[in-house]
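Asker: I'd like to ask some things about the structure below.
The values are calculated or read from the model by the stated rules, or taken from the named source; none is laboratory data. Because the structure is a prediction, the values reported are computed rather than measured. Here the Cβ positions follow ideal geometry from the backbone for every residue, glycine too, while neighbour counts run over all protein chains shown. Note: accessible area is taken over every heavy atom of the protein model, side chains too, but ligands, DNA and RNA are not part of it. Shrake-Rupley method; radii C 1.70, N 1.55, O 1.52, S 1.80 Å.
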Amino acid sequence: MANILLVEDEEVLRMLVVDVLEDEDHSIDEAIDGDEAIDLLQKNEYDLVLLDYMMPGKTGLEVVQHIRKMNRNQDVKIMMLSAKSQQSDKERVLNAGANYFMAKPYSPIDLVKRVEEIVGE
């Protein structure tokens, strides 16, 4: 069981991800934007952050950069979830400090499989 922070502004997608990960006995906190994510990261410890790239307010990249500068959770594993799937986008995400990248749309089965691999490392 892992403590996971899901940062996703699309409610339907957020609900789907929560459902499939809770079925695998993971504990999920939800944030709808970057500011809420940063607030939760300052209060709680996480094993993994699943982070949307394009959100209102702070982008996923800005959140990654903020996390990597924090005292708390700065070493948390981060997987960026994005419809922007060009090689240059992937490189930008990884260079900002994310550990993993998954292109949208993705299947719930693929997401669960990837999360299990990451938290099992």
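Asker: Would you calculate, for the chain, the mean residue ellipticity at 222 nm contributed by helices, counting each DSSP H stretch of 4 or more residues as -39,500 (n - 2.57) and dividing by all residues, to the nearest 500?
Answerer: Details: 5 runs with 54 residues, N = 121.
Dividing the helical sum by the residues of the chain leaves -13500 deg cm²/dmol.
Asker: Still on this model: If each residue of separation counts as 0.36 nm, what is the full-extension length gain between Ala83 and Val112 once their alpha-carbon separation is subtracted?
Answerer: Roughly 8.6 nm would be gained on extension.
Asker: Using 7 Å Cα-to-Cβ label points, what is the Leu94/Gln42 separation (nm, one decimal)?
Answerer: Output for this residue pair reads 3.2 nm.
Asker: Right, something else. Okay, which of the range 87-113 sit inside 14 Å, backbone N to the point 7 Å along the Cα-Cβ direction of Glu121?
Answerer: Residues passing the 14 Å test: 94-95, 97-102.
Asker: Which value, in Å² rounded to 10, gives the accessible area of Val7 with a 1.4 Å probe and all protein chains present?
Answerer: 0 Å²
Asker: Find how many whole Å separate the alpha carbon centroid of the range 87-109 from the alpha carbon centroid of the range 7-85.
Answerer: The two parts, judged by their Cα centres, are 13 Å apart.
Asker: Show me the GluC sites (Glu not before Pro) within the range 16-105 that DSSP assigns to loop and that have at most 15 other Cβ atoms within 10 Å of their Cβ.
Answerer: Counting only loop positions with at most 15 other Cβ atoms within 10 Å, the GluC sites (Glu not before Pro) in the range 16-105 are Glu24, Glu45.
Asker: Could you tell me what percent of the accessible area of the chain is made up of carbon and sulfur, with a 1.4 Å probe and every protein chain present?
Answerer: Of all accessible area on the chain, carbon and sulfur atoms account for 45 percent.
Asker: Still on this model: List the residues whose amide H sits under 5 Å from the amide H of Lys58, counting only those 5 or more places along or on another chain, with H placed 1.01 Å from N in the peptide plane.
Answerer: Amide H neighbours of Lys58, under 5 Å, 5+ apart: Gly34, Asp35.
Asker: Given the Cα-Cα distance of Met102 and Val12 and 0.36 nm per residue of separation, how much length would full extension add, in nm?
Answerer: Numbers: separation 90, 0.36 × 90 = 32.40 nm, distance 1.80 nm.
So the extension gain works out to 30.6 nm.
Asker: Mind scanning Lys58/Lys113; Lys58/Lys104; Lys43/Lys84 and naming the pairs with a C-alpha gap bigger than 25 Å? Write out the running numbers ahead of the final one.
Answerer: Values: Lys58/Lys113 28 Å; Lys58/Lys104 19 Å; Lys43/Lys84 30 Å.
Too far apart for the 25 Å limit: Lys58/Lys113; Lys43/Lys84.
Asker: Can you list, largest first and rounded to whole Å, the semi-axes you get for the range 1-46 by taking the square root of 5 times each eigenvalue of its Cα gyration tensor?
Answerer: 17, 15, 4
Asker: Output the DSSP H helices from the chain with an along-axis C-alpha extent of no less than 15 Å and a mean Kyte-Doolittle hydropathy no less than 0.0.
Answerer: The qualifying helices are 11-22, 108-119.
Asker: Through the Karplus equation 6.51 cos²θ - 1.76 cosθ + 1.60, θ set to phi - 60°, convert the phi angles of the range 24-33 into ³J(HN,Hα) values in whole Hz; use x for Gly and Pro.
Answerer: In residue order, the calculated couplings are 9, 6, 8, 8, 10, 9, 10, 9, 9, 7 Hz.
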